[in-house]
Amino acid sequence: LTRALEALLEAADEAADGEAAARWRAKLDTLGTDRAWLALGHRAWRLLTLDEAMAYFRKVAERGDVEAMIALADVLRQMDSVHEAYDWYLKAAQQDHAGAMLTVGELLFGWSLVDKGALWLERAREHGHPRAAQVMAERVDEALRRAERLGDDETAARFLARLRSLETVPAHRLLAARAYAEHDDHEYELWLRRVFPIIQKSLED
C-alpha cells in the first residue's frame, strides 16, 4: 500500500496536479508507517521544504531507523545545524553504519579533534567503507601541513609519524609526493615501493 501511494503521489507531482498530490500525501501521512514517512520526508527534501522533511525524518529516526537518522542529519547539516546533525550521525555510526562513521570522523577532524576523528575513520575502514583510507590519509596530511605552516614542529612531527604509520596506499602516495617535493629520492622510492605490495595483496584478496 505504501509503495502504491508513493507511486500515485509521484505521478501527481509530475503532472503538477496539486489537488491529487495533496490527497495522496494525506493518505501516506495517515498510513503512518516508517516507509511512508520516509517517502514524505524525501519528497519534502526534494521540494526544499526542509522543516517538513526534518519533521518526517525525525519521527522515523526516533524509532531507531538508521536510514532516517542519516537523512535527518543531512537535512540538519544543510540547515547549518551541524552539531545536532553530528549527534544523529553519531547514533547511526554507533549502529555500525560505515558511511556515518566516515562523516563523524570528518566532522571531528574539522573541529580539530584529531584522535577521536581518526578512531572513527579507522572504524569506517574496518567496516569496508571504500573512501575511509583515502579520507584518513588526507585529513592527517592536512593537519600536518597546517602545523608546518604555523611553525609548530612538535605537532608536525606527531602528524608525520601518524601518516607514516598508516599502512594504506593513499598514505604512501602522499608520503611519496612529499618526498618528491623535497627532492628526497631515497624516501620517494621507498614509499613508492611500499605501495605496490599493498595493491598486489588487495588484488589477490
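Would region 141-152 turn up any residue that is closer than 22 Å to ALA73 by Cα, in a helix (DSSP H, G or I) and not charged (D, E, K, R)? Full working, then the answer.
Of the residues in region 141-152, the ones closer than 22 Å to ALA73 by Cα are none.
No - not one qualifying residue is present in region 141-152.
Go through (1) buried (at least 19 other Cβ atoms within 10 Å of the Cβ); (2) under 30 Å from LEU119 (Cβ atoms) one by one and return the number of the condition ALA44 breaks.
Single failed check for ALA44: (2).
Which of the residues spanning region 95-137 are touching a His at 6+ places or on another chain (Cβ under 7 Å) and in a helix (DSSP H, G or I)?
Of everything in region 95-137, those that are touching a His at 6+ places or on another chain (Cβ under 7 Å) and in a helix (DSSP H, G or I) turn out to be ALA98, GLY99, MET101, LEU102.
Select from region 60-87 the residues that are closer than 22 Å to GLU126 by Cβ and either of a type outside the set (Val, Ile, Thr) or within 13 Å of the chain's Cα centre (by Cα) (or both) and write down the one among them that is most open to solvent (accessible area, probe 1.4 Å).
Going through the qualifying residues, I end up with GLU67.
When the residues of region 88-120 are narrowed to those that are of a type in the set (Phe, Trp, Tyr) and under 27 Å from ALA44 (Cα atoms), which ends up farthest from the chain's Cα centre (by Cα)?
If we take residues in region 88-120 being of a type in the set (Phe, Trp, Tyr) and under 27 Å from ALA44 (Cα atoms), then TRP88 is farthest from the chain's Cα centre (by Cα).
Can you tell me which residues in region 75-94 are outside any helix (DSSP H, G or I) and either at negative phi or not acidic (Asp, Glu) (or both)?
MET79, SER81, GLN94
Identify, by number, the condition in (1) farther than 25 Å from GLY64 by Cα; (2) open to solvent by 20 Å² or more (accessible area, probe 1.4 Å); (3) part of a helix (DSSP H, G or I); (4) without any contact (Cβ under 8 Å) to a residue 24 or more places away in the chain that LEU175 doesn't meet.
(2)
Identify, by number, the condition in (1) without any contact (Cβ under 8 Å) to a residue 24 or more places away in the chain; (2) of a type in the set (Phe, Trp, Tyr); (3) crowded, with 20+ Cβ neighbours inside 10 Å that TRP111 doesn't meet.
Exception for TRP111: condition (3).
Being under 13 Å from the mean Cα position of the chain (by Cα) and either modelled with pLDDT of 95 or more or not in a loop (DSSP other than H, G, I, E, B) (or both): is that true of MET54 here?
No.
The values are calculated or read from the model by the stated rules, or taken from the named source; none is laboratory data. What you see is a predicted model, and the numbers here were worked out from it, not measured in a lab. In this analysis, Cβ positions are derived from the backbone assuming ideal geometry, glycine residues included, and neighbour counts consider all displayed protein chains. With ligands, DNA and RNA removed, areas are computed over all heavy atoms of the protein, side chains included. Shrake-Rupley method; radii C 1.70, N 1.55, O 1.52, S 1.80 Å.
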